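Quick notes on the structure that follows.
All of the numbers you see were taken from the coordinates with simple rules; none came from a lab. None of these values were measured; they are calculated from a predicted model. Positions of Cβ are generated from backbone atoms using ideal geometry, with glycine treated the same way; all protein chains shown enter the neighbour counts.
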Amino acid sequence: MKKGLKITLIIFVVVIALVLGYFIGYKNAYDKIENKNQDQNINLIIDQQTFYAEITEITDNILYVRGLDVNDINYRGEFTFSIIEETELLWRGTKIELSELDVGDNVAITFEGEILESYPAQIKEVVKIQLLDDEK
């Protein structure tokens, strides 16, 4: 009987060790995946840049803006870009329509990617435009 009890105990310990090893390995793999996703999200945020501008012209879905003096010197010139369906338009955290923007409005422009060196400079991918004026 004692020999059977020892074998049962050894089998029980081995099964417990295997189950613990499985769950610990699963948790480690899951944590690595989560950390990788967070790193990618941080990289996406880092690749975005924001500058402040005044709207000088609106033609259909194309905006022409002039960078404000508070910006870095690289963002004080004139820029143009298209508003696409994915472009987020906000005023005080509330979504607005393109028709609510007017010439002379101050805006914060968040974009990613390159700016084409032309006149005016062309921003390829505008992610978000925030209306900065106190009233719409």
Pick from region 89-136, criterion more than 13 Å from THR50 (Cα to Cα) and in contact with a Ser or Thr (Cβ under 6 Å, 6 or more places away or on another chain), ranking: surrounded by the fewest Cβ atoms within 10 Å (Cβ to Cβ): GLN122
Where a residue in region 48-61 is in contact (Cβ under 8 Å) with a residue 24 or more places away in the chain and outside any strand (DSSP E or B) and its partner, wherever it lies, is surrounded by 13 or more Cβ atoms within 10 Å (Cβ to Cβ) and polar (S, T, N, Q), with Cβ under 7 Å and at least six apart: ASN61/SER82
If you scan region 69-88, which residues turn out to be farther than 14 Å from THR50 by Cβ and among the aliphatic types (A, V, I, L, M)? ILE73, ILE83, ILE84
How do the strands (runs of 3 or more DSSP E) wholly within region 79-136 filter down when requiring 3 or more residues that are over 24 Å from ASP47 (Cα atoms): which remain? none
Within region 64-83, restricting attention to residues that are of a type outside the set (Gly, Ala, Ser) and in contact (Cβ under 8 Å) with a residue 40 or more places away in the chain, which residue is surrounded by the most Cβ atoms within 10 Å (Cβ to Cβ)? VAL65
